[in-house]
Amino acid sequence: MSFSLVTLRGPPDFCKIDPMEGPPEALPEAWMRGPIPGVDPLVAPALYSFQQAREDLARYTEGLTFEQLWATPHGFGSVGFHLRHIAGSTGRLITYLQGDALSQAQMEALAAEKEPAGAGRDELLAQLDQAFRAAEAVVRSIDPSTLASPRAVGRKGLPTTVIGLLTHIAEHTQRHVGQAIAAAKLASR
């Protein structure tokens, strides 16, 4: 089966697949859809991770009620928490990637991630997409010659590098996507 890329506007559209080519579950994962034009292959995995997260979370949260979205089955984090946390942590890690410290607003958002606060599925997915779009703009602007440049994380200023942060952003996103999918399956039983 072949898939054709659809050229659309906006940062995440690099790996949109023509829906006429088959159902979403038949699509290859984002990283298997080919190189991203104009993006260095060493920074591309973060972009693939964001797109895969969008698709998986939209698919596995489809039809969840507000109660299911915020349920904490067996004491695990709720789907809503994971969606909010992925968006917030992506923003925080991008802040460190840019060499900056977290703002007071980011610290307050971190403290509020577990609270339902009236957020439904569509609102949470929109927040996630907004965070990913902002992150994608930063990732696309990275000069590959800076990948080994030092960065500091957290109040303690723990040492890492630009590529270390990019790797962590991608793997942390996918870790929480998996947890959100598991929580969605448990909550919908």
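Here, each number is a calculation from the coordinates, and none is a lab measurement. Note that this is a predicted model, so its numbers are computed, not measured.
The table that follows gives values for the structure above.
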quantity	calculated
Net lengthening on full extension, residue 126/residue 98 (0.36 nm per residue, minus Cα-Cα)	7.7 nm
Calculated over the stretch 41-187: convex hull of Cα atoms, volume per residue (Å³)	101 Å³
Kyte-Doolittle mean at least 0.0, axial Cα span of 30 Å or more - DSSP H helices of the chain	162-187
Long-range amide H partners of residue 42 with built H, under 5 Å	none
Most fluctuating residue given options 167, 65, 90, as computed from a GNM of the chain linking Cα atoms under 10 Å	65
Residue-averaged [θ]222 nm for the chain, counting only DSSP H segments that reach four residues, each worth -39500 (n - 2.57)	-17000 deg cm²/dmol
